[in-house]
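Heads up: the structure comes next, in C-alpha coordinates.
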Amino acid sequence: HYSLEYEQTMRASKMIAAVFYKQDDFVETNQNNFFLDMAEDSYSRYGGVELYWNSKVGSHLSFDLSNTFLYGKIFTGERSFDIENRMNYFVKAGVNYFNNKYVNFGLSYITRPGLRYTPIIGARTIGENLIEPIYHSTFNSAQLSDYNNLSLTLNKYFKLSDQKTITLYGTINNIHDAANQMGDYYLKEYQVEENNFFSRRWIYFGFQLDI
(Lines give C-alpha, C1' and ligand atoms only; values in the text may rest on other atoms or scores of the structure.)
Protein backbone atom coordinates (compact mmCIF):
# COMPACT_ATOMS: atom_id res chain seq x y z
CA HIS A 1 0.00 0.00 0.00
CA TYR A 2 1.45 3.35 -1.06
CA SER A 3 0.14 6.87 -0.48
CA LEU A 4 1.44 10.43 -0.80
CA GLU A 5 -0.19 13.65 0.40
CA TYR A 6 0.67 17.29 -0.16
CA GLU A 7 -0.89 20.27 1.66
CA GLN A 8 -0.49 23.94 0.82
CA THR A 9 -1.91 26.87 2.79
CA MET A 10 -2.07 30.31 1.16
CA ARG A 11 -3.55 33.07 3.33
CA ALA A 12 -7.27 32.30 3.39
CA SER A 13 -7.08 29.20 1.17
CA LYS A 14 -5.98 25.60 1.64
CA MET A 15 -5.26 22.94 -0.98
CA ILE A 16 -4.67 19.23 -0.37
CA ALA A 17 -3.65 16.67 -2.99
CA ALA A 18 -3.24 12.95 -2.34
CA VAL A 19 -2.52 9.84 -4.40
CA PHE A 20 -2.69 6.21 -3.34
CA TYR A 21 -2.14 2.72 -4.72
CA LYS A 22 -2.92 -0.69 -3.29
CA GLN A 23 -2.81 -4.29 -4.50
CA ASP A 24 -4.36 -7.24 -2.69
CA ASP A 25 -3.66 -10.90 -3.42
CA PHE A 26 -7.01 -11.99 -2.05
CA VAL A 27 -10.18 -10.81 -3.74
CA GLU A 28 -13.63 -10.89 -2.14
CA THR A 29 -16.07 -11.37 -4.99
CA ASN A 30 -19.48 -11.70 -3.38
CA GLN A 31 -22.04 -9.40 -4.96
CA ASN A 32 -25.74 -10.15 -5.15
CA ASN A 33 -24.92 -13.79 -4.24
CA PHE A 34 -22.74 -13.99 -7.36
CA PHE A 35 -19.37 -15.71 -7.07
CA LEU A 36 -16.57 -15.72 -9.59
CA ASP A 37 -14.56 -18.86 -10.16
CA MET A 38 -11.31 -17.20 -9.14
CA ALA A 39 -7.91 -18.36 -10.30
CA GLU A 40 -5.26 -18.99 -7.66
CA ASP A 41 -3.28 -15.93 -8.76
CA SER A 42 -6.25 -13.57 -8.55
CA TYR A 43 -5.68 -10.09 -7.18
CA SER A 44 -7.26 -6.66 -7.02
CA ARG A 45 -5.60 -3.37 -7.83
CA TYR A 46 -6.73 0.04 -6.59
CA GLY A 47 -5.45 3.54 -7.21
CA GLY A 48 -6.75 7.04 -6.95
CA VAL A 49 -6.22 10.77 -6.77
CA GLU A 50 -7.94 13.12 -4.32
CA LEU A 51 -7.97 16.92 -4.61
CA TYR A 52 -9.44 19.32 -2.06
CA TRP A 53 -9.66 23.12 -2.00
CA ASN A 54 -11.09 25.46 0.64
CA SER A 55 -11.19 29.24 0.64
CA LYS A 56 -12.55 31.80 3.10
CA VAL A 57 -13.93 35.18 2.06
CA GLY A 58 -13.99 37.55 4.99
CA SER A 59 -14.94 36.22 8.41
CA HIS A 60 -18.29 34.63 7.50
CA LEU A 61 -18.20 33.04 4.03
CA SER A 62 -16.29 29.94 2.88
CA PHE A 63 -16.17 27.73 -0.20
CA ASP A 64 -14.91 24.17 -0.59
CA LEU A 65 -14.50 21.85 -3.55
CA SER A 66 -13.14 18.31 -3.80
CA ASN A 67 -12.84 15.62 -6.44
CA THR A 68 -11.79 11.99 -6.25
CA PHE A 69 -10.74 9.69 -9.07
CA LEU A 70 -10.86 6.01 -8.11
CA TYR A 71 -9.48 3.22 -10.30
CA GLY A 72 -10.07 -0.39 -9.39
CA LYS A 73 -9.82 -3.72 -11.19
CA ILE A 74 -10.16 -7.38 -10.29
CA PHE A 75 -7.74 -9.64 -12.16
CA THR A 76 -8.29 -13.39 -12.35
CA GLY A 77 -6.53 -15.55 -14.90
CA GLU A 78 -6.79 -13.76 -18.25
CA ARG A 79 -9.91 -11.82 -17.23
CA SER A 80 -10.29 -8.45 -15.53
CA PHE A 81 -13.35 -6.67 -14.16
CA ASP A 82 -14.12 -3.21 -12.83
CA ILE A 83 -14.75 -2.90 -9.11
CA GLU A 84 -18.21 -1.80 -7.99
CA ASN A 85 -17.24 1.79 -7.14
CA ARG A 86 -14.73 2.62 -9.87
CA MET A 87 -15.28 6.34 -10.53
CA ASN A 88 -13.85 8.84 -12.99
CA TYR A 89 -15.07 11.62 -10.67
CA PHE A 90 -16.64 12.13 -7.27
CA VAL A 91 -17.26 15.85 -6.86
CA LYS A 92 -18.33 17.57 -3.64
CA ALA A 93 -18.88 21.33 -3.52
CA GLY A 94 -20.12 23.55 -0.74
CA VAL A 95 -20.82 27.14 0.27
CA ASN A 96 -21.15 28.02 3.96
CA TYR A 97 -22.10 31.29 5.63
CA PHE A 98 -21.87 31.68 9.42
CA ASN A 99 -23.18 34.81 11.07
CA ASN A 100 -25.28 34.42 14.23
CA LYS A 101 -26.34 38.05 13.95
CA TYR A 102 -28.24 37.28 10.75
CA VAL A 103 -28.40 33.65 9.57
CA ASN A 104 -26.24 30.56 9.08
CA PHE A 105 -26.61 28.45 5.95
CA GLY A 106 -24.85 25.74 4.02
CA LEU A 107 -25.41 24.73 0.40
CA SER A 108 -23.85 21.47 -0.77
CA TYR A 109 -23.74 19.54 -4.02
CA ILE A 110 -22.54 15.98 -4.66
CA THR A 111 -22.24 14.23 -8.02
CA ARG A 112 -20.66 10.91 -9.00
CA PRO A 113 -21.20 8.06 -11.49
CA GLY A 114 -23.56 5.27 -10.53
CA LEU A 115 -22.18 2.10 -8.95
CA ARG A 116 -21.53 -0.93 -11.13
CA TYR A 117 -23.33 -4.22 -10.59
CA THR A 118 -23.83 -7.65 -12.15
CA PRO A 119 -27.33 -7.91 -13.69
CA ILE A 120 -29.50 -11.00 -13.65
CA ILE A 121 -30.28 -12.12 -17.20
CA GLY A 122 -32.61 -15.03 -16.47
CA ALA A 123 -33.48 -17.84 -14.09
CA ARG A 124 -33.59 -21.61 -13.94
CA THR A 125 -35.56 -24.09 -11.88
CA ILE A 126 -33.35 -26.20 -9.61
CA GLY A 127 -36.02 -27.92 -7.58
CA GLU A 128 -39.66 -27.90 -6.70
CA ASN A 129 -40.71 -24.26 -6.22
CA LEU A 130 -37.06 -23.22 -6.16
CA ILE A 131 -35.65 -20.81 -8.75
CA GLU A 132 -32.01 -19.76 -9.11
CA PRO A 133 -30.96 -16.52 -10.85
CA ILE A 134 -28.58 -16.56 -13.82
CA TYR A 135 -26.11 -13.68 -13.70
CA HIS A 136 -24.40 -11.98 -16.62
CA SER A 137 -21.10 -13.68 -17.43
CA THR A 138 -19.18 -10.41 -17.00
CA PHE A 139 -18.82 -9.24 -13.42
CA ASN A 140 -20.06 -5.65 -12.83
CA SER A 141 -21.11 -5.29 -16.47
CA ALA A 142 -24.00 -2.87 -15.75
CA GLN A 143 -24.08 0.53 -14.09
CA LEU A 144 -26.66 2.58 -12.22
CA SER A 145 -27.45 6.13 -13.30
CA ASP A 146 -25.37 9.07 -12.06
CA TYR A 147 -25.93 10.33 -8.52
CA ASN A 148 -26.70 14.04 -7.97
CA ASN A 149 -27.78 15.77 -4.77
CA LEU A 150 -28.16 19.49 -4.02
CA SER A 151 -29.09 20.25 -0.40
CA LEU A 152 -29.55 23.30 1.82
CA THR A 153 -29.40 23.78 5.61
CA LEU A 154 -30.42 26.94 7.48
CA ASN A 155 -30.48 28.02 11.10
CA LYS A 156 -31.18 31.25 12.92
CA TYR A 157 -30.23 32.04 16.52
CA PHE A 158 -32.31 34.32 18.77
CA LYS A 159 -31.47 35.51 22.27
CA LEU A 160 -34.68 35.80 24.30
CA SER A 161 -33.05 36.84 27.57
CA ASP A 162 -29.77 36.48 29.41
CA GLN A 163 -30.50 32.80 30.01
CA LYS A 164 -32.95 31.85 27.27
CA THR A 165 -32.18 31.27 23.58
CA ILE A 166 -34.02 29.69 20.69
CA THR A 167 -32.57 28.32 17.45
CA LEU A 168 -34.74 27.78 14.37
CA TYR A 169 -33.40 25.33 11.80
CA GLY A 170 -34.39 23.68 8.57
CA THR A 171 -33.05 21.34 5.89
CA ILE A 172 -34.04 20.73 2.29
CA ASN A 173 -32.48 17.54 0.97
CA ASN A 174 -32.29 16.81 -2.76
CA ILE A 175 -33.72 20.19 -3.75
CA HIS A 176 -34.13 19.25 -7.42
CA ASP A 177 -35.82 15.93 -6.48
CA ALA A 178 -33.37 13.76 -8.42
CA ALA A 179 -34.19 10.04 -8.75
CA ASN A 180 -30.85 8.62 -7.58
CA GLN A 181 -30.63 4.85 -8.01
CA MET A 182 -29.37 2.93 -4.98
CA GLY A 183 -29.53 -0.65 -6.25
CA ASP A 184 -31.57 -3.17 -8.19
CA TYR A 185 -34.06 -5.90 -7.36
CA TYR A 186 -36.10 -8.35 -9.40
CA LEU A 187 -39.75 -9.37 -9.60
CA LYS A 188 -41.72 -12.18 -11.24
CA GLU A 189 -39.14 -14.96 -11.01
CA TYR A 190 -36.23 -12.65 -11.94
CA GLN A 191 -37.90 -11.56 -15.17
CA VAL A 192 -38.54 -7.90 -14.26
CA GLU A 193 -35.75 -5.62 -13.01
CA GLU A 194 -36.62 -2.69 -10.76
CA ASN A 195 -34.51 -0.13 -8.87
CA ASN A 196 -34.31 1.05 -5.30
CA PHE A 197 -33.77 4.79 -4.90
CA PHE A 198 -32.17 7.08 -2.38
CA SER A 199 -34.45 9.61 -0.69
CA ARG A 200 -36.22 12.05 -2.98
CA ARG A 201 -36.76 15.63 -1.90
CA TRP A 202 -37.62 16.06 1.77
CA ILE A 203 -37.94 19.07 4.06
CA TYR A 204 -37.24 19.07 7.77
CA PHE A 205 -37.53 21.99 10.18
CA GLY A 206 -37.75 22.59 13.90
CA PHE A 207 -36.47 24.61 16.82
CA GLN A 208 -34.36 24.20 19.93
CA LEU A 209 -35.18 26.14 23.09
CA ASP A 210 -32.50 26.55 25.77
CA ILE A 211 -33.65 27.84 29.14
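Structure values in brief
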read-out	value
18 Å Cα-Cα reach of Lys14 towards aspartates and glutamates, excluding residues that sit fewer than 8 places from it in its own chain	Glu5, Glu50, Asp64
Surface accessible to a 1.4 Å probe, per residue, for the residues of the chain, Å²	67
Gain on full stretching of the segment that runs from Ser199 to Asp25 - 0.36 nm per residue minus C-alpha separation	58.9 nm
Formal net charge of residues neighbouring Thr125 (Cβ-Cβ distance under 12 Å; K, R +1; D, E -1)	-2
Diffusion coefficient, µm² s⁻¹, Stokes-Einstein with Kirkwood Rh over alpha-carbon pairs of the stretch 101-175 at 10 °C and 1.306 mPa s	91
Heavy atoms of Met10 accessible to a 1.4 Å probe, total area in Å² rounded to 10	100
Virtual spin-label span in nm between Leu187 and Leu160, 7 Å along Cα→Cβ	5.0
Reachable lysines, given that their alpha-carbon falls under 26 Å from the alpha-carbon of Lys159 and they are not under 8 places away in the same chain	Lys101
In Å², nearest 10: area of Leu154 left accessible to a 1.4 Å probe	80
Arg124 accessible area, assembled protein chains, probe 1.4 Å, Å²	110
Amide H contacts of Leu115 (H built 1.01 Å from N, under 5 Å, at least 5 apart or other chain)	Leu144
P(r), alpha carbons of the stretch 64-211 - 10 Å bins starting at zero, rounded %	10, 24, 24, 18, 13, 8, 3, 0
Rg in Å to one decimal, and Dmax rounded to a whole Å, for the stretch 55-105 via C-alpha atoms	19.7, 64
Cβ-placed point charges (K, R +1; D, E -1), dipole of the chain about Cα centre in debye, nearest 20	1420
Unit charges on C-beta of K, R, D, E only; dipole of the stretch 50-98, Debye	80
Net charge, Leu70 excluded, C-beta distance under 13 Å - Lys, Arg +1, Asp, Glu -1	+3
Largest to smallest accessible area among Thr138, Thr111 [probe 1.4 Å]	Thr138, Thr111
Under 14 Å, Cβ to Cβ, from Asn99 - net charge with Lys/Arg +1 and Asp/Glu -1	+3
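The values are calculated or read from the model by the stated rules, or taken from the named source; none is laboratory data. Everything numeric here is computed off the predicted structure, so don't read it as measured data. Note that we place each Cβ from the backbone using ideal geometry, even for glycine, and neighbour counts take in every protein chain shown. These accessible areas exclude ligands, DNA and RNA; they are computed on the full protein's heavy atoms, side chains included. Shrake-Rupley method; radii C 1.70, N 1.55, O 1.52, S 1.80 Å.
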